[in-house]
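S.K.: Below you'll find the structure I mean.
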Amino acid sequence: MNVLITGGLGFVGSAIANRLCGEHGVTVLARSEQGLDRLNQSERVTVRVGTLQGLVAADIAGIDVVIHCASTVDNYNILSEPYLDVDTNLTGTIALLEACKEHKPRFLYVSTYGVYGNLTDLPANEESRCEPLGTYPATKLCAEQFCRVYGRLYDFHFNICRLTNVYGPGDRFDNTRKGAFHYLIWNAMRGAPINIYRGGDFVRDYVYIDDAVDALVTVARAAPAGELYLVGSGEPVRFGDLIDSVHRQTGRKSVVGAMAPPRFHDVVGIVDFTADISKLRSLGWSPKVGYDEGIRRTIASYEPHLRDAPAGTAA
């Protein structure tokens with residue numbers, strides 16, 4: 001089986017490539033070679049540097065499965081590049097679907113739990129109403145609809161997966177806008193002060209990267225055409241309890257402060273979120289890595305970087 005992974009040098013895309021390259025032919029599409037070090041066996045993966053808009057039907061010939069991870073990753077683009085979410089998530093997705101419509105590979109679109117917005121009825125499931133709060137999740141939800149339209153119109157097998165918060169080795173720890181949990185783990189390892197919105201008194205669903213990848217691969221291989229799946233751990237956790245676990249495992253106790261979210265975060269941010277993953281479980285998948293173990297593995301992956309980093313103050 002030949003697999004094309006768009007955004008294949010990103011956190012999730014590269015983890016999928018690492019998972020599949022021992023069994024299948026894997027090609028990753030990326031805008032640059034940044035993130036190439038995420039590939040454990042880069043010699044077994046074909047890396048193509050380019051854009052979604054540059055793809056044509058001939059590029060899809062011989063591809064059996066497309067896993068579409070290429071995307072913007074946070075809500076902040078509206079403040080500086082207001083068209084970036086549209087250009088990447090919408091125009092890019094249509095370009096990919098246009099390239100796929102002739103050869104009809106199985107198509108998996110990787111979306112986000114952000115499409116739900118702030119729900120009053122939790123846990124969320126695949127039927128929960130969607131009211132995205134920012135341009136990032138709004139364009140992801142619209143791209144989901146594009147996939148449905150093209151799948152029906154050109155009669156090819158498509159699925160959609162909405163990921164909750166994914167964490168684990170491989171993601172950057174210096175980005176406060178995306179993957180903030182990794183940033184806080186890094187600061188806790190250094191003994192730096194940590195400031196958390198609402199003092200960590202909110203609930204989320206974090207899914208470990210290996211479990212997320214196994215879920216996506218399961219859907220790509222086994223899901224009936226046209227089905228949507230919510231991918232998470234199914235175990236709600238108070239964010240402050242995650243930080244307590246980090247402190248237990250590092251043996252260091254950062255000063256934890258509470259801060260009020262800025263107005264922008266209040267407008268576009270989700271407060272509480274929990275996921276009902278029973279539909280995904282029906283495919284035979286279940287999460288295997290609990291929070292304490294996932295945090296332990298993440299800390300271990302950051303330790304080689306720690307000796308080169310002086311203790312500092314969290315932003």
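S.K.: I'd like to know which of 160, 280, 251 lies farthest towards the positive end of the charge dipole of the chain, counting +1 on Cβ of Lys and Arg and -1 on Cβ of Asp and Glu.
M.R.: Going by the charge dipole, the pick is 251.
S.K.: Take the Cα gyration tensor of the stretch 157-315, multiply each eigenvalue by 5, square-root it, and list the three semi-axes largest first, rounded to whole angstrom.
M.R.: Details: eigenvalues 179, 66, 35 Å².
Value: 30, 18, 13 Å, ordered largest first.
S.K.: So what's the convex hull volume per residue for the Cα atoms of the chain, in Å³? Spell out each step's value before the answer.
M.R.: Values: hull volume 40.0 nm³, N = 315.
Hull volume over Cα atoms, normalised by residue count, gives 127 Å³.
S.K.: In debye, nearest 20: dipole of the chain around its Cα centre with unit charges on the Cβ of K, R (+) and D, E (-)?
M.R.: On the way: 31 positive and 36 negative charges, 76 e Å.
In total the dipole reaches around 360 debye.
S.K.: How much length is gained on full extension from residue 247 to residue 48, taking 0.36 nm per residue of separation minus their Cα-Cα distance? Please list the in-between numbers first.
M.R.: Working: separation 199, 0.36 × 199 = 71.64 nm, distance 4.06 nm.
Computed gain between residue 247 and residue 48 is 67.6 nm.
S.K.: Report the gain in length on full extension from residue 33 to residue 201: 0.36 nm times residue separation, minus Cα-Cα distance, nm rounded to one decimal. Each step should come with its number before you reach the end.
M.R.: Details: separation 168, 0.36 × 168 = 60.48 nm, distance 3.85 nm.
Net length gain for the segment: 56.6 nm.
S.K.: Please report how far the C-alpha centroid of the stretch 248-276 lies from that of the stretch 1-62, rounded to the nearest whole angstrom.
M.R.: 33 Å
S.K.: A follow-up question, please. By how many degrees, 0 to 90 and rounded to 10, does the Cα axis of helix 209-222 deviate from the longest principal axis of the chain?
M.R.: The helix 209-222 is inclined about 20 degrees to the chain.
S.K.: Calculate, in nm to one decimal, what residue 131 and residue 293 gain on full extension: separation in residues at 0.36 nm each, minus their alpha carbon distance.
M.R.: Working: separation 162, 0.36 × 162 = 58.32 nm, distance 3.33 nm.
Length difference between fully extended and current span is 55.0 nm.
S.K.: For the stretch 41-128, which semi-axes, largest first and in whole Å, follow from the square roots of 5 times the eigenvalues of its Cα gyration tensor? Provide the component values of the computation, followed by the final result.
M.R.: Numbers: eigenvalues 155, 65, 38 Å².
After scaling each eigenvalue by five and taking roots: 28, 18, 14 Å.
S.K.: I need the calculated FRET efficiency for the pair residue 41 and residue 286, taking r as the beta carbon distance and R₀ as 30 Å, to the nearest 0.05. Write down the numbers at each step before the final one.
M.R.: On the way: r = 27 Å, r/R0 = 0.89.
After rounding to 0.05, the efficiency reads 0.65.
S.K.: Moving on to the next point. Just round it to a whole percent: the fraction of Cα-Cα distances in the stretch 127-169 exceeding 14 Å. Kindly include the intermediate steps, with their values, before the conclusion.
M.R.: Values: 553 of 903 pairs.
Percent of Cα pairs beyond 14 Å in the stretch 127-169: 61.
S.K.: Taking θ as phi - 60°, what are the ³J(HN,Hα) couplings along the stretch 231-248 by the Karplus curve (6.51, -1.76, 1.60), each to the nearest whole Hz, with x for Gly and Pro?
M.R.: 10, x, 8, x, 10, x, 9, 5, 4, x, 5, 5, 5, 4, 5, 4, 5, 4
S.K.: Could you list 250, 139 so that the one with the fewest beta carbons within 10 Å of its beta carbon is first and the one with the most is last?
M.R.: Details: 250 20, 139 25.
By the 10 Å Cβ count, ascending: 250, 139.
S.K.: Could I ask something else about it? Compute the projected area of the convex hull of the Cα atoms of the stretch 121-249, averaged over all viewing directions, and report it in nm² to one decimal place. Spell out each step's value before the answer.
M.R.: Numbers: hull surface 37.5 nm².
The Cα convex hull of the stretch 121-249, projected and averaged over all directions, gives 9.4 nm².
No value in this document is a laboratory result; all are computed from the given coordinates. Treat the numbers as computed from the prediction; the structure is a model and nothing was measured. Neighbour counts are summed over all protein chains in view; Cβ atoms, including those assigned to glycine, are modelled from backbone coordinates with ideal geometry.
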